[in-house]
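Beneath this line is the structure, given in C-alpha cells, with notes to follow.
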Amino acid sequence: MSKICYVTMKNKQEMVIENNKLITEYFTNREKSFSVDTIIKGKIQSLAPSLNAVFVNIGDEKTGYLPVKEKKYRIGDELIVQIKKERVDEKGATLSDIIYLAGQYAVVGKGKGPCGVSSKITDVDIRNELKQLADEYTRDEYFIVIRTNALHASKEDIKNDILQLFNQFDHIIDQFHNVSTGYTLYQADNYLMKMLKKYLDLGLDTLITDDIDLYNHYYKIIKDKENIKLYTKEYNLFDYYNITPQLNTISFKKIWLKSGGYLLISYTEAMTVIDVNSGKNTNTQEAYDTFLQTNIEAAIESARQIRLRNIGGIIIIDFIKSENKSIQKACMKNFKAVMDNDKVQLTIGGFTKLGIFEVIRQKSGRAQ
C-alpha cells in the first residue's frame, strides 16, 4: 500500500509517513557526533574476556564496547568499527565489527553474513531472482541483502545501487590505512535521510517537501515525477495538511478515541502501560458491541502511539473486558495490522491469563 511522506525543513527537520490519513511515523532530525551507523577507525584499548567483549578507543572520551564471540583481537590492534548504539551518559557507544552500508535498494555488509532478500518480499519467483542478483554481485568477505524497495526497481537500478555501495567500501578501506585512531571513515546520513531511505518506496510512495535541495535530490532518482512534489505555499506544510494537531498528541497522557473512550499512557522505569477506558462510551444496551468497538479503536491507536512516540521496552495494554476470546482476537488483529510496517524489532507476547496484552519493542535510540 502506498504512503505519503511529508517533510518540512521550516524551524526543524521533521518527517511524517502517512498511510490512509493515519500518521504512523514521526521523526525529528538530530545531528550527533558518534551517531548510529557512523564508521570509525578504532584501536583495541583493553580486553574483557568475562564479558566476551573488548573496549575500543574511537576518539570519544568514553571507550566503545565491542562484543566478540571469539578471541581474535589483541591490545593495540586497529580495526574498522560501526556504531550500533549511541553513548548514553557514562556508558560508551556499542560497536560492531560487521560493517553495513545501506543504499536505496540494497544493504552491503562486510564480515560474516549470508546474501538474502527482505522477508517482506514474499513472491517466491521474485525472491529467487533478487537472491540470484545479490549472489552475482557479492565479493569475498562481503554479503548483500536486497531491501523491500527493490520490489519495484529495475535490475539495472539495483545493480547500480550495489556497485555504488562497494565503491563506498573501497574508499573507506583506502582511508583506514592512512588515518589515525578515531577518524570518521563514513558519516551516516542525517536522521532524516536515513529514515527516508528506510521508509520511502520510490516505486509507490509520494514525497511532499518544502525543501528545494531534498526535492532536487529525489527528483533525479524518482522515475514517476508525479511521486515527488515541491510544496510552495506560505502556510506551514504540516498545518496545511492538518498534521500539526495530530503531532501535538505525542505529549498527551490522555488520548481520546472516536467512540468516546480514551487511552491513558503512563511511563514507568520498567515498562510503559496503556490503559483503555470506555469513557463516554457507556452504552450498556449492547455492552459487547460497545466494548468491541472501543477495544478495536484502542488497539489501532495504541499501535499508532507506540510508533509515533517510539516507545521501546516492555509495553502492556489493559483492554476492556479483555478476557473475552473474540475481543482478544480482534485486538490482536488490529494491533498487528498497524505494526506490520514498523521497522523496529517487535515481539508480541499476546494476552496473559489475566487478560493483559504484552509487547516488547526494541529501543531504537530515538527519544520518546
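Rule-based calculations on the coordinates, nothing more; no lab input. Model, not experiment: these values are computed from the prediction. Positions of Cβ are generated from backbone atoms using ideal geometry, with glycine treated the same way; all protein chains shown enter the neighbour counts.
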Check your understanding: To the nearest 20 debye, what is the magnitude of the charge dipole of segment 99-186 about its Cα centre, counting +1 on the Cβ of each Lys and Arg and -1 on the Cβ of each Asp and Glu?
Key -> 280
Practice item. Please list, in chain and number order, the residues 5+ apart from residue 9 or on another chain whose amide H is under 5 Å from its amide H, with Hs placed from the backbone. Key: 210, 211
Revision key, fill the gap. Scalar couplings 3J(HN,Hα) for segment 259-274 by Karplus 6.51 cos²θ - 1.76 cosθ + 1.60 (θ = phi - 60°), nearest whole Hz, x for Gly and Pro, are 6, x, x, 7, 9, 10, 9, 10, 9, 10, 5, 8, 6, 10, 10, 10
Check your understanding: What do you get for Rg/Rh of segment 213-368 when both radii come from the Cα atoms and Rh is the Kirkwood radius?
Key -> 1.06
Point to revise | Relative contact order (%) - criterion: Cα under 8 Å, at least six apart; region: segment 252-361 | key: 24
Practice item. Could you tell me which trypsin sites (Lys or Arg not before Pro) in segment 92-139 are loop residues by DSSP with no more than 13 other beta carbons within 10 angstrom of their beta carbon? Key: 112, 120, 139
Study note, to complete from the structure: Taking 344-350, 145-151 and ranking on average Cβ neighbours within 10 Å, highest first, one gets 145-151, 344-350
Check your understanding: Within the chain, which complete DSSP H helices have Cα atoms spanning at least 18 Å along the helix axis and a mean Kyte-Doolittle hydropathy of -0.5 or higher?
Key -> 287-309, 325-339
Study note, to complete from the structure: Sorted on mean Cβ neighbours within 10 Å (highest first), peptides 301-311, 36-46 come out as 301-311, 36-46
Review point. Amide H to amide H under 5 Å from residue 68: which residues, 5+ apart in sequence or cross-chain, H placed 1.01 Å off N in plane?
Key: 53, 54
Point to revise | Radius of gyration and maximum dimension Dmax of the chain, Cα, Å | key: 23.0, 77
